[in-house]
Structures are given as structure tokens and as C-alpha cells.
Amino acid sequence: MKGWQMYSKIQSMKEAGFSIRQVSRVIRVSRNTIKKYWEMSPEEYALGYKTLNRLTALMAYEPVVLKWLETYPCMTAAQVRDWLLERYRLDAAERTVRRFVLKLRDRHGITKVTEPRREYEAVEELPKGYQLQLDFGEKTVREAGSRYIKLYFVVFTLTYSRYKWGIFQEQPFRSADLVRALHRCFDYYGGMPRELVYDQDSIIVVSENKGDIIHTQAFATFLSETQLKTRVCRKNDPETKGLIEASVKYVKGNFMENRIYSGIYGWNEMFEEWLERTGNGRVHGTTKRKPAEMFSEEQEHLLPLYGHAPEKAAEYMDRAVRPDNTILYLSNRYSLPLGTYGRYKTVTLSAKDDNLEIMDCAGETIAIHEIIKEKGKLVKLASHRRDRRARVEAHLNKTVALLGEEFREYLALLCERKPRYVKEQLGLVVSACGAYGRECVMSAMKYCQDMELYSAVDLKDAASVMSGSEAPLLPIPLRLPVEDERYHITVQKRALTAYAEVACTDSLRETVQEGAVVQ
């Protein structure tokens, strides 16, 4: 009996409940040998078994593979080969592993368990010009050099003729991008289909509940304008629209593979040339005709265009509200009313006709800004600025109610001169009244008015002096009587030639001095 057969026999009898003595009697092997293999795991046995013969090496792993197949009946031969290579560095031929696994299944009666195969049914061809399928794709391509870039694209295919069109861009598609692509597709076809088929993509469908579809705002607007029928595939069921899935795969494998990227405009031009040459110019495997020839028959059955693609369709997107009550859009900050950050975490933006409309979750307009082309700017509406006047007025009224109306005029001017320190200034006036008395402060206020001193510090100092704690105040003239000729000064005027002569004399003197130094 070979080693691997003996090990398998020992392990099977052990699992059946035999003792070491009983196993030794049955297979006629010493108990020491039985003990050697008794507690040995299949992995330990496979690692300890060495031989140069490939077939023998593969057979040495029979206990391991058998345990895998019993644990995972659905395991494929390809996965068995991968696990052997990953865990034991055993690189066996695929065909050898497949035959080995098949023999193990037959010998031990292990049936491969597979998921029930989906039954497919051929679908009858739809009428001409009836249905258009669309789907998205993405693929990384190489630029000139060693740099790579990911491109995103959408492909459209007419169901009857298999006539295709698509467009690429460097950023993921949004609802507005898809609407513009649909308009351009209809212009390319020269008409519209009657039905659209698409997945439950997030830029098209917001949610689905048992067939009730809620579309994104931009796409819903498009459907209301075109009155097109829609057919939305179920979640995680791309095979419903296998026609467009094949088109996406065809674009990736035939057009994009091994093509050097040199800019989005040139790439889209090459794609349209490829469509004319290959995508729509080669005989289709199912129809046995060229899509371009079939499209010439189908085109007259398309619906007329209801309009042309707008230069700039509305864009709808969500943005987080920043703590300073602004949102970011195209590298600029746009203001929101004060308190928006406390009420909403996100807002919806609509960009159309160079205007940015900001709406809350209920669709109510919060603000409308004009979109600017510069970057890094703050666009702020006057109505979004903090109303400091109301706050100043409240502080002023509170102080006047405490001190009396006689202080209003002076305190109003004080607030006007010190707008950033209104609270501190008025508080200092109140504290001065408490320290020196209201009458003393009123006298000091009249003095400050005469001297045009509008500062609570000056008022407090004046009240301190008048209360007798410092030297008496002397009137200080704040402006000179300029009408008096005694204060007039006449400045002597010289011609410019006088300054030129001085400059020439200085230059000549420096030249003479340099000559003397050289001598």
C-alpha cells in the first residue's frame, strides 16, 4: 500500500471510530506507523511528502484536496490549482489538476453543487426606432509616457439596428452630463426613440420601491420635456440589457485597448471615426448586417427632435454647508444667510444661465448668486452680512435707558467713532457713572463735546479730574486758526535747473576724488 493510500485509509478508519489496534490489524501495519499518521493533519502530511514525480507529487496532496472538496462541494478544479499554488507552491498543469479532481469526485462520490442556471429566452426583435439602451463604462488608459488616466464614457445603442454612439469625459458623469449626452445622441441620430432602457444608476434614479421610480431632478425634467417612455432594469440585473452590456465591452476591448490618450477632444474624434469604421461599419454577429445599413432603414421611424441641446443645461448637485455659512462651487465660496449652518447640513445647487441657485431640502430657494469665473473668491450678498447696526442700536438703547436721554447724542457719536468696541465703550461710561456720579460724568461729557473727544476713556479721565482726584483740565485747542496770517508759511520756490546744477557739481566732485585716490 502506498503512503498516501495508507494515510487516507488510516484517517477514514479513525473517523469511523476504529482504534489504533484495530486499524493495525486491518491494514497490517505496525502500531508505531499508525501512531505516526494518526494525529497528522492533511496539510502536515502533504508538506512532509516529497518526490520529483509531478503526478506523484499531486497525488500526495489527495487528503488535502479531498478535504477541500468535501467541505466545499462547489469548488472548481481551477480553484483547487490556485490553492495548491498559494499554500504549497505546487505548480501543476491545469489539465492534470482537472483530471485529478474529477477522479476524486468519482471515487468518493462527491457531486459538484452549483447554483441553478438562469434560463434565457430569445426576445423578439422590437420595431424600428422604438428602443434605445444606454449604459456607462470606465477604463484606465495610458497617456504618452508612463502616466495613466481614467476615462468615463456613456454608450447608446438602438435595439433594432445596433447602431451605436457615445461620448467620453475625464470626470464621472453627472445628471446634467447625461442629459447633454442624450441631446447630442439624438442630434447624431437625427431623431428620438420612443423608449429608453437603463440601469438604476445614481445619476438617473434616486430610489425604487416595487416599481415606483423616483428620478433625479435633472433627468426627470428631461423626461417631462421629451415625453419618452422608460424601462428601468432591476437592481443587480445587468443581463436584462445584454445588448448594451456587449456594446460597452466592445468599446473597451476594441477601441480603448492599447490606444494612447492625447486629450479628450482628439479621443472623442477618434471614437466617432472608430464608430463609422468599425463599431457601426462591420457586420453584426446576430443580425448579419452592418448597423449603418440597418440604421438607414430605421432612421425614418424615429420621432422628430423636440428641440436642440441647450448650451448649458441646469446642473443639480448637493453641497455641504460650511460653518461660516458658505458653500463651495468651482473653487469659490458663495454666501448663505446667517444661521443656515445651524438649520441645514446640506443644500442643493442648480447652475443655469450663469446663475447659481441654492435651495434647501424642501426645494425652497435660499439664495441666488451670479457665477464668477475667477477662482478662490468669496461671493457674498449684502443681505447675508451681519446686521451690526441693530446690535449697536440695542446696546445704545439699553445704556440710554440706564443713564438717561441726555447721554444719547454723545453716546451715539461715540458708537459711530468706535463701531468695533461699542459694548466696551458703553460699559466704560456706565462704570464711570457708578464711580464718579451721574452729574460729574454729564459735566465731563459736555467738556468732551466741546473738545470733540469721543472716547469713553477720555470721558472717564475727564470725570476723574472733575471729581477732584487729578489736576484741573485746561482747554486744548484742537485746530489752528488758519485764517490768521501768523500761521502762514511761504515756501521758497526754485527752478529745476538749480537742482540739476547741484547734481552736476556733486558728480564732478566725486570724479575728482576718485582720480586723486588713483594717483
Could you tell me how many of the residues in segment 357-373 are farther than 15 Å from P337 by Cα and either in contact with a strand residue (DSSP E or B) (Cβ under 7 Å, 6 or more places away or on another chain) or surrounded by 10 or more Cβ atoms within 10 Å (Cβ to Cβ) (or both)? 4
Would you confirm whether or not segment 147-162 contains a residue that is small (G, A, S), touching a helix residue (DSSP H, G or I) at 6+ places or on another chain (Cβ under 7 Å) and not assigned by TED's automatic domain parsing to the domain that holds E273? no
If we ask which residues in segment 297-323 are at pLDDT 90 or above and either β-branched (V, I, T) or surrounded by 12 or more Cβ atoms within 10 Å (Cβ to Cβ) (or both), their number turns out to be 6
Pairs please, first residue from segment 377-396 and assigned by TED's automatic domain parsing to the domain that holds R420, second anywhere and of a type in the set (D, E, K, R) and part of a helix (DSSP H, G or I), Cβ atoms under 7 Å, 6+ apart in sequence or on different chains. H395/K423
Quick one: would you say K67 is modelled with pLDDT of 85 or more, over 45 Å from the mean Cα position of the chain (by Cα), in a helix (DSSP H, G or I) and within 25 Å of G109 (Cβ to Cβ)? yes
Taking Y334, is it outside the structural domain of S175 (by TED's automatic domain parsing), closer than 30 Å to D458 by Cβ and either in contact with a strand residue (DSSP E or B) (Cβ under 7 Å, 6 or more places away or on another chain) or among the hydroxyl-bearing types (S, T, Y) (or both)? no
Mind counting the residues in segment 224-245 that are at pLDDT 80 or above and exposed (fewer than 15 other Cβ atoms within 10 Å of the Cβ)? 6
At least 1 residues that are touching a Ser or Thr at 6+ places or on another chain (Cβ under 6 Å) and on the phi < 0 side of the Ramachandran plot in each: list the strands (runs of 3 or more DSSP E) lying fully within segment 324-435 that qualify. 326-329, 332-335, 355-359
For residues in segment 324-338 being hydroxyl-bearing (S, T, Y) and at pLDDT below 85, which is surrounded by the most Cβ atoms within 10 Å (Cβ to Cβ)? Y329
By residue number, the members of segment 19-47 that are surrounded by 17 or more Cβ atoms within 10 Å (Cβ to Cβ) and either without any contact (Cβ under 8 Å) to a residue 12 or more places away in the chain or outside the structural domain of Y61 (by TED's automatic domain parsing) (or both) are S24
If I ask for residues that are farther than 15 Å from K164 by Cα, of a type outside the set (S, T, N, Q) and over 26 Å from the mean Cα position of the chain (by Cα), which ones from segment 240-265 would you list? G253, E257, R259, I260
Scan segment 349-361 and give yes if some residue there is over 30 Å from E424 (Cβ atoms), of a type in the set (S, T, Y) and within 23 Å of the chain's Cα centre (by Cα), otherwise no. yes
For segment 374-393, what are the residues that are exposed (fewer than 13 other Cβ atoms within 10 Å of the Cβ) and over 30 Å from L414 (Cβ atoms)? E374, K375, G376, K377, L378
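The values are calculated or read from the model by the stated rules, or taken from the named source; none is laboratory data. Predicted model, so just to flag it, every value in this text is computed and none were measured. Cβ atoms come from the backbone with ideal geometry, glycine included; neighbour counts cover every protein chain shown.
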